[in-house]
Amino acid sequence: MDFSNSDRLQTLSGTSRLAGVMGWPVAHSKSPRLQGYWLAKYGIDGTYMPLPVAPENFASAVKSLRDLGFAGVNVTIPHKQAVFDVCDELSDRAQRIGAVNTVTFADDGKILGDNTDGFGFIENLRQNAPEIDFTRGPAIVLGAGGACRAIIVSLLDENCPEIRLLNRTKARADALADEIKDPRITVVEWDRIDHCLEDAALLVNTTSLGMVRQPPLEIDLAGLAKQAIVTDIVYAPLKTGLLAQAEGRGNSVVDGLGMLLHQARPGFHRWFGIDPVVTPELRDFVLGTSQE
Ligand code: ATR
């Protein structure tokens with residue numbers, strides 16, 4: 001047998017731990033490369049695979065994975081809401097966010113749902129803007145989609161004193177604020193952003209604006225406090241127009257790739273037993289997929 005291409009050689013034992021990511025499609029997912037890096041780094045007897053599952057097969061596929069002895073799965077678009085109904089138990093944060101991205105199969109067969117997006121958001125900021133103090137002042141949050149909800153819940157959990165929520169379609173921001181029901185959330189008109197920047201401690205873009213093939217986020221940061229930290233959940237490109245403008249004025253900036261990397265940690269920890277580290281080498285490795 002020729003093992004010259006041994007970097008592709010994967011050896012599994014009869015007791016390997018199994019996990020994966022379910023999506024439809026799933027080919028674009030960076031999770032197999034990300035989790036595969038950690039499996040190799042820590043020398044773990046396990047595997048993490050892409051699992052393309054159509055919406056109509058979703059519930060039966062989750063139960064089948066449990067019956068096949070999987071440790072758990074990540075769940076991505078379009079299943080993040082559907083998985084909610086399949087779970088036997090939900091973590092507190094998954095309930096409040098209203099979506100699940102990390103499923104663990106308990107020894108008794110129970111399907112446990114968690115949402116780690118907010119955790120990833122917070123940990124990314126802690127790692128890349130270590131001076132951050134979430135209690136220091138208002139956070140400006142742009143958007144009202146699924147990712148936005150996880151971010152708002154996580155900021156509230158970090159005792160952020162005030163969240164100013166702005167979305168092009170104000171009704172969606174109002175609906176989100178009504179659902180989360182926390183007096184610290186104020187909805188502001190999309191075109192009033194200039195009026196709420198001055199005392200902000202954090203500015204977050206959760207919209208798709210600024211992403212490749214999407215329109216730019218048109219915003220003038222002239223009135224933003226110099227101490228404010230600016231972050232974007234968009235990571236293609238890594239340096240969005242928002243981050244470039246903020247950096248040019250001397251604000252600390254944090255790109256969105258780290259949120260993806262950190263949100264993967266709790267699942268890896270539960271399924272494979274190690275809380276993995278996010279390093280510059282991991283960032284480069286994960287980005288390699290888009291450059292290949
Ligand atoms: P997700 O659930 O993944 O966050 P989404 O629900 O499609 O994705 O949300 C995309 C966000 O980008 C929304 O806040 C959307 O604003 P609307 O609610 O008004 O649609 C925002 N967005 C997309 N294109 C936009 C544009 N051209 N101008 C302003 N906001 C935009």
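The values are calculated or read from the model by the stated rules, or taken from the named source; none is laboratory data. Please read these numbers as outputs of a predicted model, since none were measured by experiment. Cβ atoms come from the backbone with ideal geometry, glycine included; neighbour counts cover every protein chain shown. The accessibility values were calculated without ligands, DNA or RNA, using every heavy atom of the protein model including side chains. Shrake-Rupley method; radii C 1.70, N 1.55, O 1.52, S 1.80 Å.
Quick one: which helices (runs of 4 or more DSSP H) lie wholly within region 73-171 and hold at least 2 residues that are open to solvent by less than 10 Å² (accessible area, probe 1.4 Å), outside the structural domain of Val187 (by the TED database) and more than 16 Å from the ligand (Cβ to nearest atom)?
Correct list: 117-128.
Here are Asp182, Asp178: which of them is over 30 Å from Thr279 (Cα atoms), without any contact (Cβ under 8 Å) to a residue 12 or more places away in the chain and either away from the ligand (no atom under 16 Å from the Cβ) or not in a strand (DSSP E or B) (or both)? First the steps, then the outcome.
Values: Asp182 fails: without any contact (Cβ under 8 Å) to a residue 12 or more places away in the chain.
One residue alone meets the criteria, Asp178.
If Asn159 satisfies all but one of (1) out of contact with any Lys or Arg (no Cβ under 7 Å at 6 or more places or on another chain); (2) on the phi < 0 side of the Ramachandran plot, what's the number of the condition it fails?
(2)
So Thr11 ticks every box in (1) part of a loop (DSSP other than H, G, I, E, B); (2) within 19 Å of Val278 (Cα to Cα) but one. Which box is left unticked?
(2)
Taking Ala40, is it open to solvent by less than 40 Å² (accessible area, probe 1.4 Å) and on the phi < 0 side of the Ramachandran plot?
In short, no.
Can you name every residue in region 218-240 that is over 26 Å from Asp133 (Cα atoms) and within 16 Å of the ligand (Cβ to nearest atom)?
If the condition is that a residue be over 26 Å from Asp133 (Cα atoms) and within 16 Å of the ligand (Cβ to nearest atom), then Glu218, Ala236 are the ones that fit.
Within region 199-208, take every residue that is assigned to a loop (DSSP other than H, G, I, E, B) and over 17 Å from the mean Cα position of the chain (by Cα) and give me the one that is farthest from Ile163 (Cα to Cα).
Here the residue is Asp199.
Among the residues that make up region 188-198, is at least one of them open to solvent by 70 Å² or more (accessible area, probe 1.4 Å), in a loop (DSSP other than H, G, I, E, B) and within 13 Å of the ligand (Cβ to nearest atom)?
Scanning region 188-198, I find at least one residue that is open to solvent by 70 Å² or more (accessible area, probe 1.4 Å), in a loop (DSSP other than H, G, I, E, B) and within 13 Å of the ligand (Cβ to nearest atom), so the answer is yes.
For region 66-82, give me each residue that is under 24 Å from Gly46 (Cβ atoms) and without any contact (Cβ under 8 Å) to a residue 40 or more places away in the chain.
Across region 66-82, the qualifying residue is only Asp67.
Is it fair to say Thr207 is within 16 Å of the ligand (Cβ to nearest atom) and either free of Cβ contacts under 8 Å to residues at least 60 places away in the same chain or surrounded by 12 or more Cβ atoms within 10 Å (Cβ to Cβ) (or both)? Show your work before the answer.
Numbers: within 16 Å of the ligand (Cβ to nearest atom): yes; either free of Cβ contacts under 8 Å to residues at least 60 places away in the same chain or surrounded by 12 or more Cβ atoms within 10 Å (Cβ to Cβ) (or both): yes.
Considered against the rule, which asks whether it is within 16 Å of the ligand (Cβ to nearest atom) and either free of Cβ contacts under 8 Å to residues at least 60 places away in the same chain or surrounded by 12 or more Cβ atoms within 10 Å (Cβ to Cβ) (or both), Thr207 comes out as yes.
I'd like the full set of residues that are of a type outside the set (Ser, Thr, Tyr) and part of a loop (DSSP other than H, G, I, E, B), limited to region 222-247.
Leu224, Ala225, Lys226, Gln227, Ala228, Ile233, Val234, Ala236, Pro237, Leu238, Lys239
From the list Gly223, Gly250, which residue is without any contact (Cβ under 8 Å) to a residue 60 or more places away in the chain, open to solvent by 10 Å² or more (accessible area, probe 1.4 Å), of a type outside the set (Asp, Glu) and on the phi > 0 side of the Ramachandran plot?
The match here is Gly250.
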